[in-house]
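Presented below is the structure to which this report refers.
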Amino acid sequence: MVVEDDDWEPGPALDEDEAGSAPGPAAAGSGAGEQEAPKPVYTDLETWLRKHLAQVIRRRFGGSLTWCSQWYRHAEAVSRLNAMWQEWEKAVVEGTMSNWWLYHCDPQLAVLMSKDAGPFMACKPGEHRQLDPLPLAESDPLLWLSSAFSDPAQDRQPSSPAGGPPPAPVVSAG
């Protein structure tokens, strides 16, 4: 059911909680070269999610979209939402909110809310269902010793500038 909201008017860019702690330039009296780190608008993920994201994002579920009200029980969702929140805080400071929407929010929400492939795919907005973790077979420990998994910097020997043999290793007498 869609609720018509003809009386909707856009609110201020930042709500009371956001405006009260919105980061600004460093204080003029701070020490030479020292800048005070901006204070985050929200102190934790859940506060940001409840007071900001859940108030801004409005979707009709069904079709290809779903959500889980127990989002905190999905490790992938917590990780993605935390990344979104951290980037949102950074975008507030840098004034790059458009980039946040395009490169962080939209792609993350597309995955989170995907009924076909997201972490909430087995859930409905009011019903949590846990998915099994990715199946993993035990790997052969010798696999990790092959050159494909080694650090190329450790495999290189120094060569002489003239193309001759590499210099002899330095051995200290001790």
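Here's the list of lysines a cross-link from Lys39 could span, going by alpha-carbon distance under 22 Å and ignoring same-chain residues fewer than 8 apart: Lys51, Lys90. For the peptides 53-60, 121-128, residues were scored by their other Cβ atoms within 10 Å and the scores averaged per peptide; the highest-first order is 121-128, 53-60.
Amide H contacts of Leu65 (H built 1.01 Å from N, in plane; Pro and chain starts excluded): Lys115 sit under 5 Å, all sequence-distant by 5 or more or on other chains.
The numbers here are math on the coordinates, done by the rules we state, and not lab data. Everything numeric in this text was worked out from a predicted model, so none of it was measured. Every residue, glycine among them, receives a Cβ derived from its backbone with ideal geometry; neighbour counts consider all protein chains shown.
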